[in-house]
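Peer 1: Below you'll find the structure I mean.
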Amino acid sequence: MASSIRGRRWFGWVGLALGLVALTAGNLLHQPKYWGESRMSVAMPVPAQVLLSGGDRYLAANAGVWRALMVGVDQLPPETLKALAMTQADVSFLNPAHEDNYYTATAILPWEGEVERAQTILKRAIEARPYDAYPPFYYGFNKLHFLGDTRGAAEALRAAALRVRDDGMRQALTVLAAQWTEKGEDLQMAIATIATMAERSQDKALRAYLMIRVQRLEGLLALRQAASRYLDKRGQFPASLAALVDSGELDAIPSDPLGGGYSISQGTIVANPPRR
């Protein structure tokens, strides 16, 4: 009796998978065809992929990556981009540690508007590949470049730095994380974060560099706070940094340890690009 029930369940799952295959095939017949490299227009359901791979999820993942690699990158139609993103997301579900999948997804998807799926793929790779620094690095880059999330980007970059064995590369990533944090709107948070990074650093040169970054942000914070007081008292934003000194809001304009200085831009005070 039990074996009979298991048999019926097994055939039921097979029937469902075959039905999904048939449905996918039917959709393929009615989808517009894109010849050449960009021929993908429908992503096959995950159960069907596994069934056609003999029940081997890793083989199904490899097949999905192969399909993705066969897709070109020149003027991909919307249907192809959607199918490609879904296929690569499915691969990351079947085998989240697949290196080629997360790499190609990073190289293509976010630049074509599929940032969310690219981040899903990278997040799965981060969890599945605990010693690989690239998934968190790419994840952080996407947060910064495509999503404007400087805080999340810096956190991801610091996570990447913890996975790197080479001291020089780890320090480089730590410095870059500090620079990304510096771009955030919450200056006090940025100052505290970079100061904490400096305290934890065992490298004297790196610690000194991070504290220079802290000093630069502290100068910017002092200027913005003075400008806010100036605005509250006079009802207008200062026309120049010198006005903050002339009005008594500041004793002197803070010096920038990186040499770029500070300036007024679009109604706020910013730190200019460093000169050293």
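Peer 1: Whose amide H sits under 5 Å from the amide H of residue 262, counting only residues 5 or more places off or on another chain, with H placed in the peptide plane?
Peer 2: Residues meeting the criterion, in which the H sits 1.01 Å from N, are 272.
Peer 1: Could you give the length gained by full extension between residue 236 and residue 221, i.e. 0.36 nm per residue of separation minus their alpha carbon distance, to one decimal place?
Peer 2: Taking residue 236 through residue 221 to full extension adds about 3.5 nm, to one decimal.
Peer 1: With just the Cα atoms of the range 235-275, tell me how far they stretch along each of the three principal axes, in Å, largest first.
Peer 2: 33, 24, 9
Peer 1: In addition: Provide the net charge surrounding residue 174, with neighbours chosen by a C-beta distance below 15 Å and charges set as Lys +1, Arg +1, Asp -1, Glu -1.
Peer 2: Value of the local net charge: +2.
Peer 1: Please compute the length gained on full extension between residue 111 and residue 255, using 0.36 nm multiplied by the number of residues separating them and subtracting their Cα-Cα distance.
Peer 2: Computed gain between residue 111 and residue 255 is 47.9 nm.
Peer 1: Among 155-167, 100-112, how do they line up by average Cβ neighbours within 10 Å per residue, starting with the highest?
Peer 2: Sorting 155-167, 100-112 by mean packing, highest first, produces 100-112, 155-167.
Peer 1: Now for a different question. How many nm is it between the label spots at residue 146 and residue 128, if each spot is 7 Å from the Cα in line with the beta carbon?
Peer 2: 1.8 nm
Peer 1: Modelled label-to-label distance, residue 228 and residue 100, 7 Å Cα→beta-carbon offset: nm?
Peer 2: Label-label distance for residue 228 and residue 100, simple model: 5.3 nm.
Peer 1: Considering the Cα positions of the range 74-191, please state its Rg to one decimal place and its Dmax as a whole number of Å.
Peer 2: Cα only, the range 74-191: 15.0, 45 Å (Rg, Dmax).
Peer 1: Contour minus end-to-end for residue 207 and residue 93, with contour as 0.36 nm per residue of separation and end-to-end as the Cα-Cα distance?
Peer 2: Between residue 207 and residue 93, full extension yields an extra 37.0 nm.
Each value in this text was obtained by applying a stated rule to the coordinates, not by laboratory testing. Keep in mind that this is a model prediction, so the values were computed, not measured. Quick reminder, even Gly has a Cβ in these numbers, built from the backbone with ideal geometry, and neighbours come from all protein chains shown.
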